[in-house]
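The block underneath contains the structure these notes are about, expressed in structure tokens.
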Amino acid sequence: MNRITQKLPSIVRWFFVILFLLIGWSSVWADEEDEIPKPTPERTITKTIKIMEHTWWVVQWSDNEILCELTIDHEGLPTGAEI
């Protein structure tokens with residue numbers, strides 16, 4: 001056998017050793033470059049919604065005593081389910 005074929009397995013072995021060292025070395029540095037993520041602020045929103053309320057009284061016919069007070073959010077008479 002000539003000298004080149006005898007040294008070839010040794011050269012390939014050293015090539016892979018150096019390759020794995022470089023890959024491992026670069027991954028170590030990648031971890032140190034990562035920054036700690038900043039905490040995100042609380043996301044809140046305030047909405048103002050305009051509504052129209054109508055107040056109704058249920059009173060006795062005989063003495064005008066208030067039996068019930070209703071507040072509804074639609075126009076017109078209160079429904080039977082609301083009373």
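The values are calculated or read from the model by the stated rules, or taken from the named source; none is laboratory data. Please read these numbers as outputs of a predicted model, since none were measured by experiment. Note: ideal-geometry Cβ built from the backbone for every residue, glycine included; neighbour counts use all protein chains shown.
Output the number of residues of segment 32-64 satisfying the condition of being polar (S, T, N, Q) and within 30 Å of LEU77 (Cα to Cα).
Of the residues in segment 32-64, 5 are polar (S, T, N, Q) and within 30 Å of LEU77 (Cα to Cα).
This table checks each residue for (1) under 36 Å from the mean Cα position of the chain (by Cα); (2) surrounded by 10 or more Cβ atoms within 10 Å (Cβ to Cβ); (3) assigned to a loop (DSSP other than H, G, I, E, B); (4) at positive phi.
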| position | (1), (2), (3), (4) |
| --- | --- |
| THR40 | yes, no, yes, no |
| THR44 | yes, no, yes, no |
| THR48 | yes, no, yes, no |
| TRP61 | no, no, yes, no |
| THR71 | no, yes, no, no |
| PRO78 | no, yes, yes, no |
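What do you reckon, is TRP61 modelled with pLDDT of 85 or more, in contact with a strand residue (DSSP E or B) (Cβ under 9 Å, 6 or more places away or on another chain) and of a type in the set (Phe, Trp, Tyr)? For TRP61, the condition - modelled with pLDDT of 85 or more, in contact with a strand residue (DSSP E or B) (Cβ under 9 Å, 6 or more places away or on another chain) and of a type in the set (Phe, Trp, Tyr) - is not met.
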